[in-house]
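Coordinate-derived values only; no laboratory data. Computed from a predicted model, the values in this text were never measured in an experiment. In this analysis, Cβ positions are derived from the backbone assuming ideal geometry, glycine residues included, and neighbour counts consider all displayed protein chains.
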Amino acid sequence: MREIRTALWIVRRYLLSRSHGYATFINWVSFFGLVLGVMILTVVLSIMNGFDREMTGRILSAVPHGFFEFDGDPPIADLTRIEGVSSVTPLFQGEAMATRHGGVAFVALAGIDEAGARAMPRVLSGQALENLFSSRGSIILGASLARDLRLSVGDSVRLVFPVPSNVGVRPRIELFTLAGIFELRAQPDAALGIVRRQDIVARGLAGAGLDGWRLQLSDPLDAPRLAESIRRLLGGATSIRFWTEDYGELFRAVRIEKAIMFALLALIVAVASLNIVSGQAMLVNDKRGDIAMLATMGASRHLIVGVFFMQGFAVAVLGVAAGLALGIGVAANADAVVSFFEGLVGASVIEGTYFDRIHSYLVLPDLMAVVGVSLGLSAAAVLRPAFKAAAENPAEALHAA
């Protein structure tokens, strides 16, 4: 305990000394390098999290989190008792070709009832929702799809359904009226069409697709965890499919990209840590006389290692703390910061993308990873100079001094 207090006292003297040598300059460079590296790492990860979260929310607000077919009435009450399952509603899923003004486009159809509409608040709301259920033969289309077909609300559109018959699949044309347009700035805008399920059933079109049930989860990311419980309960289901089977690759690709970006940006922290090695090596060389005096006064190797390790690690801790604080501040105001620089250069960073602003989302495990990696690299970097200081020969050091 006494050695620790002595080491801390010496470290404090070194850190607060007014020395302006080259070793001090290198330590300042290392400090600012760590601040910059940790700040950039924090900001970039937060922005990637923000875009990932926003894209996940947009896509999963339009697609079913789970879909299954069931002979007879499914155990809805038992399903909703599973923690994480928020609703189970009827859903028709099918495909059709939409034609209008000579244009043709593929439409992925979702036939829902009013309970199912409540599970899609980002897609169905306001006048569009009211129009859909107030008149027969209504349809709501994504903005990109409606634009491609040059459709406006109130226009009629022909849908060609592949209907099975005794002689094979035959095309069947049905007329629908555009009741509204939704815009998520995501993939569903280009293909999704929403109709009333009762219209599909009344027109005898249920055979043109899959007529089943939609599972809505409180947290869509819980789907892998809940899948086994739901499958076990739905033992009689002819098929069950979760969103991860259709969109899982997209989100896995985003996470791989994030991991690669983390590794690349961690190199900035690694370079700053190597600067600490240089600074500490120069400091050890400058303090050879001090090391020799400590050794002749009975200081142990552990004390000398502790002094130079703690001195270098203190620089790292201060740099990481300052970088983390700045990174959190910039990430929390990322949109305002980017808008400021866009105004300076007269160009937009996100123009032509699905997004209308910069999204950021701070995640505690990511912040802990940034701190852990940064301090781990720094601790490894300062060990060698610290052990080198303890290995100094007092007689040679005093003679050189």
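The table below lists the values:
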read-out: Residue order, fewest to most beta carbons within 10 Å, for LEU318, LEU184; value: LEU318, LEU184
read-out: Neighbour-count ranking [beta-carbon atoms within 10 angstrom, fewest first] of ARG158, ARG100; value: ARG158, ARG100
read-out: Shape call, region 85-217: gyration tensor on alpha carbons, a/c limit 1.5; value: oblate
read-out: Which of TRP243, TRP28 has the fewest Cβ neighbours within 10 Å, and the rest in rising order; value: TRP28, TRP243
read-out: Amide proton proximity set for SER87, modelled H, under 5 Å, gap of 5+; value: GLN216
